[in-house]
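*Asks:* Attaching a single structure in structure tokens format; questions to follow.
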Amino acid sequence: METYDVVIIGGAVMGSATAYFLAANPDFNGKVLVIEKDPTYAKSSTCLSAGGIRQQFSNTENIQLSKFGAEFIKNINSYLQVENDDPVNVDFTENGYLILATDAGMPVLMQNHKTQIAAGANVKILEKDQLKQTFEWLNVDDIVAGSYNIPDSGWFDPHCFTMGFKNKAKSLGVTYLNDEVVGIERSGDQITAVQLSSGKKINGGMFVNAAGPKAAHVAEMAGIDDLPVRSRKRFVFLYKCNSQLPNCPLVVDPSGAYFRPEGQHFICGISPEADNDPDCDDFDMDYSVFEETLWPILAERVPAFDAIKRISSWAGHYEYNIKDQNAIIGPHPTVKNFMFINGFSGHGLQQGPGAGRGISELITYGKYKTLDLRCFEFERFAKNQLYIELNIV
């Protein structure tokens, strides 16, 4: 029977970032195991995401996490390059984020802007005339202003990012196991072991739930049935437009639809209405979302998008926190050797470095040493102290 000091369940960005920061810390001397059922990450939330990074959040801690994410990405090889290997390249496109607001959305936009500036984010408000001057291809007839985050925001390659973490963690001695957790053993208020589909049993000291949309299922195996994380499906559509849009950032329309360049083409998506967003774990596509919902919004916002052609599409899943759409980070209040790093609700990829570093600090030191992430503790739900994030895309 194998024993590890830390057993991480899930090896995408959250699990691999946690493993990396543990292994890279000279103050941590333990053995780390990452259990991941799909080493290709073909259906992981991480690698099916739109790959965005921004600092336009309503909560200071989310801004801080994404600021660190930008710093990490821009200096990625000082962290993740493996000796004698090629440099890590995540194709960071620093074209920025633009969140548009009509008159109805201005109070929230401006309140968030104050929070972002206070947290040191590179965000400015562009009024209608400035928007038209900066982005001539954009229809701003109904727009009052936009929140423009540049530099330190844009998009990058999620798969290369995840593999960078994984390869570096392995080079530092982390063990990766291609297997699936099918049972968790608990003695009183301590997790003692995990059972794997291969028949193996792994003992451990600390256990980290980094299972993405499956996090609630993993928690239930540990006897914790109130983790408010659900799997919610999101569509991403790739389309062709013959017109060029100079300096195009990732644009978020007041409707919630977004679009951004992807090489010579564009991608787009939109979250469904709350009453049409069931728990879901399939990858079936609904192409009418593009034809009937997104295309009219895109064509209204960018006249050149009146003539576009959908090329391909895919479905992925948010690990959606149904309580307040914010992360759940840290130990269970009674089962203290069971750690959460879950529920990021669509902004997890960019916050993986900061969240993984935070969990590694809790394991190594028993407290946070860099960013104070106590606002994301699991106990907030029992206390009815929700920490609602207003800028979910």
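The values are calculated or read from the model by the stated rules, or taken from the named source; none is laboratory data. In this text the structure is predicted, and so the values were computed from the model without any measurement. So basically every Cβ, Gly included, is an ideal-geometry build from the backbone, and we count neighbours across all protein chains shown. When the accessible area is computed, the model is the full protein with side chains, heavy atoms only, and any ligands, DNA or RNA have been set aside. Shrake-Rupley method; radii C 1.70, N 1.55, O 1.52, S 1.80 Å.
*Asks:* Could you tell me which residue of the range 358-393 is farthest from the chain's Cα centre (by Cα), considering only residues that are buried (at least 18 other Cβ atoms within 10 Å of the Cβ), under 24 Å from GLN56 (Cα atoms) and of a type in the set (Val, Ile, Thr)?
*Replies:* ILE359
*Asks:* OK, next. Would you pick out the residues in the range 254-291 that are outside any strand (DSSP E or B) and closer than 16 Å to ILE311 by Cα? Full working, then the answer.
*Replies:* Looking only at the range 254-291, we keep the residues that are outside any strand (DSSP E or B), and these are 254-257, 263-264, 270-278, 280-291.
Hits for the range 254-291 are GLY263, GLN264, MET285, ASP286, TYR287, SER288, VAL289, PHE290, GLU291.
*Asks:* Condition first: acidic (Asp, Glu), open to solvent by 30 Å² or more (accessible area, probe 1.4 Å) and free of Cβ contacts under 8 Å to residues at least 24 places away in the same chain. Can you find one or more residues in the range 262-278 that meet it? Write out each step before concluding.
*Replies:* Within the range 262-278, the subset acidic (Asp, Glu) is 262, 273, 275, 277.
Checking which are open to solvent by 30 Å² or more (accessible area, probe 1.4 Å) leaves us with 262, 273, 275.
Now narrow it down to the ones that are free of Cβ contacts under 8 Å to residues at least 24 places away in the same chain: 273, 275.
Yes, the range 262-278 contains a residue that is acidic (Asp, Glu), open to solvent by 30 Å² or more (accessible area, probe 1.4 Å) and free of Cβ contacts under 8 Å to residues at least 24 places away in the same chain.
*Asks:* Taking the residues in the range 80-91 that are open to solvent by 50 Å² or more (accessible area, probe 1.4 Å) and touching a residue at least 12 places away in the same chain (Cβ under 8 Å) as candidates, determine which candidate is nearest to the chain's Cα centre (by Cα).
*Replies:* Ranking the qualifying residues of the range 80-91, first place goes to ASP91.
*Asks:* Step by step: first the residues of the range 20-44, then only those that are in a loop (DSSP other than H, G, I, E, B) and among the aromatic types (Phe, Trp, Tyr), then the one that is farthest from the chain's Cα centre (by Cα). Which residue is that?
*Replies:* In the first step, residues of the range 20-44 are kept if they are in a loop (DSSP other than H, G, I, E, B); the result is 25-31, 37-44.
Restricting the remaining residues to those that are among the aromatic types (Phe, Trp, Tyr) gives 28, 41.
Working: PHE28: 26, TYR41: 15 Å.
That would be PHE28.
*Asks:* Which one of ALA355, ALA304, ALA315 is over 30 Å from GLY30 (Cα atoms), open to solvent by less than 20 Å² (accessible area, probe 1.4 Å), outside any loop (DSSP other than H, G, I, E, B) and in contact (Cβ under 8 Å) with a residue 40 or more places away in the chain? Spell out the reasoning first.
*Replies:* Numbers: ALA355 fails: over 30 Å from GLY30 (Cα atoms); ALA304 fails: open to solvent by less than 20 Å² (accessible area, probe 1.4 Å).
Of the residues listed, the single one that is over 30 Å from GLY30 (Cα atoms), open to solvent by less than 20 Å² (accessible area, probe 1.4 Å), outside any loop (DSSP other than H, G, I, E, B) and in contact (Cβ under 8 Å) with a residue 40 or more places away in the chain is ALA315.
*Asks:* Just give me the residues in the range 26-40 being touching a helix residue (DSSP H, G or I) at 6+ places or on another chain (Cβ under 6 Å) and open to solvent by less than 30 Å² (accessible area, probe 1.4 Å), in sequence order.
*Replies:* Matches in the range 26-40: VAL32, VAL34.
*Asks:* Still on this structure, please answer the following. Considering only helices (runs of 4 or more DSSP H) fully contained in the range 125-239, which possess at least 3 residues that are in contact with a helix residue (DSSP H, G or I) (Cβ under 8 Å, 6 or more places away or on another chain), surrounded by 15 or more Cβ atoms within 10 Å (Cβ to Cβ) and in contact (Cβ under 8 Å) with a residue 24 or more places away in the chain?
*Replies:* So the answer is 158-171.
*Asks:* Something else about it: Considering only the range 51-68, how many residues are open to solvent by less than 10 Å² (accessible area, probe 1.4 Å), under 17 Å from GLY356 (Cα atoms) and of a type outside the set (Gly, Ala, Ser)? Walk me through it before giving the result.
*Replies:* Initially, the range 51-68 is screened for residues open to solvent by less than 10 Å² (accessible area, probe 1.4 Å), giving 51, 53-57, 62-63, 65-66.
Now drop any that are not under 17 Å from GLY356 (Cα atoms), which leaves 53, 62-63, 65-66.
Still in the running and of a type outside the set (Gly, Ala, Ser): 53, 62-63, 65.
Total meeting the criteria: 4.
*Asks:* Please enumerate the residues belonging to the range 319-338 that are over 15 Å from the mean Cα position of the chain (by Cα) and open to solvent by 10 Å² or more (accessible area, probe 1.4 Å).
*Replies:* Result: ILE322, LYS323, PRO331, HIS332, PRO333, THR334, LYS336.
*Asks:* Would you check if GLU71 is touching a strand residue (DSSP E or B) at 6+ places or on another chain (Cβ under 7 Å), more than 20 Å from TYR387 (Cα to Cα) and open to solvent by 50 Å² or more (accessible area, probe 1.4 Å)?
*Replies:* So GLU71 fails the test.
*Asks:* I'd like to check something: does the range 9-25 contain any residue that is surrounded by fewer than 17 Cβ atoms within 10 Å (Cβ to Cβ), at pLDDT 95 or above, over 22 Å from ASN326 (Cα atoms) and of a type in the set (S, T, N, Q)?
*Replies:* no
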